[in-house]
């Protein structure tokens, strides 16, 4: 079992829909990252959080430390949101432990 | 535009060639990272440099040789690679090596070994 699990693995949505991607982890962490990767492209860091909730534009990330769970929400989804979304956690070492990613396709 | 610049964007090389990947950042970050990413897989950490010193080597084969000549520059020297080394190589940096520092990623170098 991976230390970081994401669900769903694949997600297809219609433009305008509200989207939720989930991340569960089994290790103690100091921070959790949500990353976005477009096909063939580099990685963009969306959020780093260690408690509570953060919002940036149409993106919202929440984390529940007790339940070892985080969610990434996209409101009013758009085709340009189509990408792979990766959850990654930082433990006591300087290493990121990555989830396997969620491939999101938003159709017009 | 990414603040971490990787060159080249694409590289095709034979198994006997020697080439280098370059990564540059001017954010004053003191930790830099190399990752390898195969298609449809998450990135795998290869090396971490902290304050220009190699701090983590994830048992990477010696045909990959990292170098950090100064705090802004990170190289990955390649020699005698195998076809299975074809992948996207990502560089990242963070302000310090601490676990609560966000990492900034470059766009990657897509490497193909013939």
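See the values below:
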| read-out | value |
| --- | --- |
| Residue under evaluation residue B:81, criteria (1) within 14 Å of chain A (Cβ to nearest Cβ); (2) buried (at least 18 other Cβ atoms within 10 Å of the Cβ); (3) modelled with pLDDT under 95, criterion not met | (1) |
| Considering residues of region A:14-47 that are within 22 Å of residue A:67 (Cα to Cα) and in a loop (DSSP other than H, G, I, E, B) only, the residue nearest to the other protein chains (Cβ to nearest Cβ) | A:30 |
| Residue count, region A:48-68 (criterion: in contact (Cβ under 8 Å) with a residue 12 or more places away in the chain, within 14 Å of chain B (Cβ to nearest Cβ) and either exposed (fewer than 13 other Cβ atoms within 10 Å of the Cβ) or not in a loop (DSSP other than H, G, I, E, B) (or both)) | 5 |
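The values are calculated or read from the model by the stated rules, or taken from the named source; none is laboratory data. As the structure is a prediction and not an experimental result, all values here were calculated from the model. A quick note on method: Cβ atoms are made from the backbone with ideal geometry, for glycine too, and the neighbour counts reach across all protein chains shown.
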